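K.L.:
Below is one structure. I have some questions about it.
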Amino acid sequence: MDATDIVVLGGGPGGYAVALRAATRGQSVTLVESALVGGTCLHWGCISSKALLHVGELLDQVRESGRFGLDLTVNGIDIDGVNAFRDKVQSQLHTGLDALLKARGVDVVPGRGTVADDGRTVLVDSGRRATGRALVVATGSQVRSLPGVDVDGRVVITSDEATRLPRIPRRALVIGAGAVGLEFASLYRSLGAEEVTVVEALDRIAPLEDPDLSRALARAFRKRGITTLAPALVESVKVDGETATVTVATGGDERRFEVDTVLVAVGRAPRTDGIGLDALGVLEQTGHVRVDEWCRTAADGVYAVGDLLAPPALALAHAGFAEGFLVADVIAEVGRGVPVDYEQVPRVTYTAPEVASVGLTEPQAVQAGHEVAVSSYSFRGNAKGIIHGSDGFVKTVVAREGEDRAGGESGQVLGVHVIGPHATDLIAEAQLITSWGALPAEVAQLVHPHPTLAEAVGEAHLAAAGTPFHTH
């Protein structure tokens, strides 16, 4: 039996964040991982898809090269070369992570682990037993299936197969308009798919985003030749050889699509079956793990982080990092741990154009009882935005608590929402604004470098403060 301070079951973002932070806090750590450290995010999800999306972005730039006075063409796409690029990115990150874990003295144990009845021991299928003063469960999530739709891994696929990119679809239908579905719809079109259709059961695509962003993204997709149907329901998927017939009910009508790729992107489910958590009494009926604000379960000494947490936790890698830091500090009894405020965790979608947000959407702010004022600034008035050819914008949601001397809103900024080039990078500044409860006038005083896309964040707050600059 191996005794250690902390046993971590699962080596994805949440799990390895616990391990690395705990090691810096002087804790001994054993990390049990059934596949590769880095988890789904590094090997089958976030990183894989972003590498592929970068290739798609380059292709889009070539197609638009005439706008810059260039005559460029794409002579072909080498799928093996594209996948080799993806693999190289993953390999570099995986090698670095492996080395970092070793350098900090984390004992990485390969194998599938299950939790023993004592809640402190992990039994590994290799025969090892790891017991700790504390146990952190970080087994992540797996793709969710859609009843009545059989995934064959060839014509009907999930994101697990999509990130491997075995071929470029000619006609694709994506079921689900969350971040994963939208990113692959965007990617397929960038790679040259002739037809791409997105089907969403709720009333708009990107349903977790501010409605203004959802509408703007739908318009941008239409311009790119991507069809979005919302609300709409997939009634059947019938595979015949290398194609599928998909029947979709929308607006009282029934439509049929003949496609060669059906991507099922209806979310992810917690990976908690069969690992011994039932006996500890920490699971909800959905399979999620219940925790308090410190990520402690009802079982003494047992913590959980990452995608397996129940809402309001967010199944995002960077949320898992934050949960991992928190848990490591709590167990080590050092630092001033602060529970994760999920409203202040940025939400990012790497479509073309990119979408990012933090804080409350306008409807959420109203539902929370705030009287709100909104302002926005278009990238069409921003030099770098014009260079990028963007018609996106930055939107602020501000609590209305009366006017200040400049005629702007005196309440704090509740939410910032961005659609446009590099929105996923710009949202980092916005997180500081909303999490610190900044006032529009305070942000308006900040000097943003010129010319940059970041100026749009400043301009939106100048407008909210009643002192608009490059806007009416």
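K.L.:
So, of the residues in segment 98-120 that are of a type in the set (A, V, I, L, M, F, W, C) and under 13 Å from residue 21 (Cα atoms), which turns out to be farthest from the chain's Cα centre (by Cα)?
P.N.:
103
K.L.:
Looking at (1) out of contact with any Ser or Thr (no Cβ under 7 Å at 6 or more places or on another chain); (2) over 30 Å from residue 418 (Cα atoms); (3) in a loop (DSSP other than H, G, I, E, B); (4) of a type in the set (Gly, Ala, Ser), which is the only condition residue 313 fails?
P.N.:
Status for residue 313: all satisfied but (2).
K.L.:
Here's another thing I want to ask about it. Which one is farthest from the chain's Cα centre (by Cα), of the residues in segment 436-456 that are within 23 Å of residue 386 (Cα to Cα) and surrounded by 23 or more Cβ atoms within 10 Å (Cβ to Cβ)?
P.N.:
Of everything passing the filter in segment 436-456, 455 is farthest from the chain's Cα centre (by Cα).
K.L.:
So, residue 401, is that one charged (D, E, K, R), farther than 14 Å from residue 463 by Cα and either at pLDDT 95 or above or in a strand (DSSP E or B) (or both) or not?
P.N.:
No; evaluated as a whole, the condition is false for this residue.
K.L.:
A further question follows. Return a yes/no flag: does segment 357-365 have any residue that is within 26 Å of residue 399 (Cα to Cα) and free of Cβ contacts under 8 Å to residues at least 40 places away in the same chain. Please lay out each step first, then the result.
P.N.:
In the first step, residues of segment 357-365 are kept if they are within 26 Å of residue 399 (Cα to Cα); the result is 357-365.
When the remaining residues are screened for being free of Cβ contacts under 8 Å to residues at least 40 places away in the same chain, the result is none.
Looking for residues that are within 26 Å of residue 399 (Cα to Cα) and free of Cβ contacts under 8 Å to residues at least 40 places away in the same chain, one finds none in segment 357-365, hence no.
K.L.:
A further question on this structure: Could you say whether any residue in segment 50-57 is more than 22 Å from the chain's Cα centre (by Cα), in a helix (DSSP H, G or I) and not charged (D, E, K, R)? Reasoning before the result, please.
P.N.:
Taking segment 50-57 first, the residues more than 22 Å from the chain's Cα centre (by Cα) are none.
Checking segment 50-57: not a single residue is more than 22 Å from the chain's Cα centre (by Cα), in a helix (DSSP H, G or I) and not charged (D, E, K, R).
K.L.:
Inspect segment 317-331 for any residue being in the same structural domain as residue 20 (by TED's automatic domain parsing), assigned to a loop (DSSP other than H, G, I, E, B), of a type outside the set (Phe, Trp, Tyr) and closer than 29 Å to residue 47 by Cβ and give the result as yes or no.
P.N.:
Within segment 317-331, not a single residue is in the same structural domain as residue 20 (by TED's automatic domain parsing), assigned to a loop (DSSP other than H, G, I, E, B), of a type outside the set (Phe, Trp, Tyr) and closer than 29 Å to residue 47 by Cβ.
K.L.:
Residues in segment 118-176 that are surrounded by fewer than 17 Cβ atoms within 10 Å (Cβ to Cβ), within 23 Å of residue 205 (Cβ to Cβ) and without any contact (Cβ under 8 Å) to a residue 24 or more places away in the chain: how many?
P.N.:
Total meeting the criteria: 1.
K.L.:
If we keep just the residues of segment 226-279 that are assigned to a loop (DSSP other than H, G, I, E, B) and without any contact (Cβ under 8 Å) to a residue 60 or more places away in the chain, which is farthest from residue 41 (Cα to Cα)?
P.N.:
Among those residues, the one meeting the criterion is 252.
K.L.:
Taking residue 93, is it within 23 Å of the chain's Cα centre (by Cα), buried (at least 18 other Cβ atoms within 10 Å of the Cβ) and at pLDDT 95 or above?
P.N.:
In short, no.
K.L.:
Considering segment 342-358 alone, what residues qualify as being of a type outside the set (D, E, K, R) and in contact with a helix residue (DSSP H, G or I) (Cβ under 6 Å, 6 or more places away or on another chain)?
P.N.:
Passing the criteria: 344, 345, 346, 348, 349, 350, 351, 352, 353, 355, 356, 358.
K.L.:
Is it the case that residue 70 is part of a loop (DSSP other than H, G, I, E, B), over 27 Å from residue 337 (Cβ atoms) and more than 27 Å from the chain's Cα centre (by Cα)?
P.N.:
Judged against the criteria, residue 70 is a match.
K.L.:
Here's a follow-up. Suppose we filter 151, 180 for residues that are touching a strand residue (DSSP E or B) at 6+ places or on another chain (Cβ under 7 Å) and β-branched (Val, Ile, Thr); which single one remains?
P.N.:
151
K.L.:
Look at residue 99 and say whether it is assigned to a helix (DSSP H, G or I) and under 30 Å from residue 243 (Cα atoms).
P.N.:
So residue 99 fails the test.
K.L.:
What residue, among those in segment 341-359 that are outside any loop (DSSP other than H, G, I, E, B) and aliphatic (A, V, I, L, M), is surrounded by the most Cβ atoms within 10 Å (Cβ to Cβ)?
P.N.:
Filtering first and then ranking leaves 355.
The values are calculated or read from the model by the stated rules, or taken from the named source; none is laboratory data. Only a predicted model underlies this, so the values are computations on that prediction, with no experimental measurement involved. Here the Cβ is made from the backbone with ideal geometry for all residues, glycine too, and neighbour counts use every protein chain on show.
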